[in-house]
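Okay, so here's the structure we're looking at.
Derivation of every value follows stated rules applied to the coordinates shown; laboratory data play no part. If you're wondering where the values come from, they're calculated on a predicted model, not measured in any experiment. Positions of Cβ are backbone-derived with ideal geometry, glycine not excepted, and every protein chain shown enters the neighbour counts.
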Amino acid sequence: MRALAVFLPLVAFLAQPAGAQSAERTGHYYLRGVMETGSELMLHPDGRFQWYLVYGALDLFAEGKWTEKDGAVLLTAEATKDVPRPGFETLTLSIRDKALVPPDGRGAYVRPADDEE
C-alpha cells in the first residue's frame, strides 16, 4: 500500500496529455491599457495559441505553441496555412498575478473573469 502512495504523483503526471499546459493559464485574454490598439490571445490547453494585434492600419497575426517557464509565458510562432507569415517568432509575456505583460511593460493581457475580481 505504501508503494502505491509513492507512485501516485508519477501516475498523475503521466496521465496528462503530451503538450498539455497549466489549466490556470489557459483561456481567452484581451490586451488592456494600450490606447488605440486591439489585441487578443487565446491559450489552448493542448499547448497551442492564437494571437492578433491591430494598431491603425497594421494587422499582425500569429499562432503556434506556448509554454510556461520561470514566471513567463513563451509564445513560439509557426508558419501555418492560415498565418503563413507570423507577426513574431517568439514573444515572452511576464506573469504578474493573473495578467500577462508584454516585454515593453505597456498594458497587460487579462481574461475578463480575472479583470472583474
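Annotations for the structure displayed:
- Ordered by the number of other Cβ atoms lying within 10 Å of each residue's own Cβ, fewest first, 111, 85 fall into the sequence 85, 111.
- Calculated FRET efficiency for the pair residue 69/residue 35, C-beta based, R₀ 25 Å, to 0.05: 0.20
- Lysines with Cα under 27 Å of residue 81, excluding same-chain neighbours fewer than 8 positions away: 65
- Spin-label proximity, residue 92 to the range 45-71 - amide N less than 16 Å from point 7 Å beyond Cα toward beta carbon: 66-71
- Charge dipole (Cα centre; +1 on Lys/Arg Cβ, -1 on Asp/Glu Cβ; no other charges) of the range 19-116 amounts to roughly 120 debye.
- Sorted ascending by nearby beta carbons within 10 Å, beginning with the fewest, 114, 70 become 70, 114.
- Neighbour counts of other Cβ atoms within 10 Å put 61, 88, 49 in the fewest-to-most order 88, 61, 49.
- In this simple spin-label approximation, residue 55 and residue 80 carry label points 7 Å from Cα along the Cα→Cβ vector, and these lie 2.4 nm apart.
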